[in-house]
Amino acid sequence: MNDFSLMREHMLEVDLKARGIRNPEVLGAMRAVPREAFVPAALYDEAYADHPLPIGKGQTISQPYMVALMTELADARASSKVLEVGSGCGYQAAVLAEICRMVYTVEILPELAEQARENLKALGYRNVKVRTGDGAKGWPEQAPFDAVLVAAAPVTVPLALVDQLKLGGRLVIPVGAAMSSQYLMLIRKHEDGTVSEEKIIPVRFVPLTGPETNEKSPTEGEEQI
């Protein structure tokens, strides 16, 4: 029988803290969310392995380190209202919900959007709203957001997501051609309205799909870094 609590603590110590994740709220959220609730039963043995796992429809649940890193870069706080693009199975949204006041998450694939809703409802999260739609358009009626996190890579940053940031807000997004030459970017909208970009690390994500990006649906998942 799997001891998920021990697996979770090993993940925290070896895959997160040892790789530089320091924010106590992020570490607390990663400890609180049962990753096994978001993966297929056949993959329970790998629930806390530091690599992506398939969740269906050619998509993956991101590796724990990537989830923690993106959450830390977003500077998520108790007062934050956050947008996530690419709900997948709902794991990243659950981590954000442990920290933030409200999370809005958009998924282009209806089957995965429903999966995310069911997973989040089963765990009792009431501060997450899931929408099926084109994430590159954001969620304009709920903007502005303190932070936006994107779990798939466009070739260029969607301007709608930058526009929906508050002054002082942060956008964390992988950018680059499909599965090659991608970087995780931290984009800041400063208090004076100017925008700056910072490359964080090279990554490999599935492409961001939808009418706004002209990308077809991906057939491969995010790869471990």
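The values are calculated or read from the model by the stated rules, or taken from the named source; none is laboratory data. The structure presented is a predicted model; accordingly, all values stated were derived computationally and were not measured. Ideal geometry is used to build each Cβ from the backbone, glycine not excepted, and the neighbour counts take in all protein chains shown.
Before we move on, is Ala76 farther than 20 Å from Phe205 by Cα and not in a strand (DSSP E or B)? Even if it seems obvious, please write down each step before you answer.
Values: farther than 20 Å from Phe205 by Cα: yes; not in a strand (DSSP E or B): yes.
It is true that Ala76 is farther than 20 Å from Phe205 by Cα and not in a strand (DSSP E or B).
Could you please give the count of residues in the stretch 22-41 that are hydrophobic (A, V, I, L, M, F, W, C), over 16 Å from the mean Cα position of the chain (by Cα) and at pLDDT 95 or above?
Quick first cut of the stretch 22-41, residues hydrophobic (A, V, I, L, M, F, W, C) only: 26-27, 29-30, 32-33, 37-39, 41.
Subset that is over 16 Å from the mean Cα position of the chain (by Cα): 32, 37, 41.
Next cut, at pLDDT 95 or above only: 32, 37.
So the answer is 2.
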### Message
Among the residues of the stretch 7-15, are any under 17 Å from the mean Cα position of the chain (by Cα), aliphatic (A, V, I, L, M) and surrounded by 14 or more Cβ atoms within 10 Å (Cβ to Cβ)?
### Response
no
## Note on the structure
From the option list Gly124, Gly88, single residue qualifying as assigned to a loop (DSSP other than H, G, I, E, B) and surrounded by fewer than 24 Cβ atoms within 10 Å (Cβ to Cβ) is Gly124
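Right, Glu191: at pLDDT below 95 and either part of a loop (DSSP other than H, G, I, E, B) or within 22 Å of Asp134 (Cβ to Cβ) (or both) or not?
Working: at pLDDT below 95: no; either part of a loop (DSSP other than H, G, I, E, B) or within 22 Å of Asp134 (Cβ to Cβ) (or both): yes.
It is false that Glu191 is at pLDDT below 95 and either part of a loop (DSSP other than H, G, I, E, B) or within 22 Å of Asp134 (Cβ to Cβ) (or both).
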### Task
Kindly provide the set of residues from the stretch 127-166 that are assigned to a loop (DSSP other than H, G, I, E, B) and either in contact with a helix residue (DSSP H, G or I) (Cβ under 6 Å, 6 or more places away or on another chain) or over 19 Å from Val195 (Cα atoms) (or both), ordered by number.
Asn127, Gly133, Asp134, Gly138, Trp139, Ala151, Ala152, Pro158
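For the stretch 79-104, what are the residues that are closer than 18 Å to Phe205 by Cα and among the hydroxyl-bearing types (Ser, Thr, Tyr)? Steps first, answer last, please.
At the first step, the residues of the stretch 79-104 found to be closer than 18 Å to Phe205 by Cα are 84-93.
Scanning the stretch 79-104 gives Ser87, Tyr91.
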#### Entry: Residue ID - farthest from Gln59 (Cα to Cα), chosen from residues in the stretch 171-186 that are buried (at least 21 other Cβ atoms within 10 Å of the Cβ) and in contact with a helix residue (DSSP H, G or I) (Cβ under 7 Å, 6 or more places away or on another chain)
Leu171
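Filter the stretch 127-149 down to residues that are of a type in the set (Asp, Glu) and surrounded by 15 or more Cβ atoms within 10 Å (Cβ to Cβ) and give me whichever is farthest from Met185 (Cα to Cα). Show your work before the answer.
Initial filter on the stretch 127-149 (of a type in the set (Asp, Glu)): 134, 141, 146.
Pick out the ones that are also surrounded by 15 or more Cβ atoms within 10 Å (Cβ to Cβ) and you get 134, 146.
On the way: Asp134: 20, Asp146: 16 Å.
Here the answer is Asp134.
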### Query
For Gly124, all conditions in the list (1) at positive phi; (2) in contact (Cβ under 8 Å) with a residue 40 or more places away in the chain hold save one; what is the number of the exception?
(2)
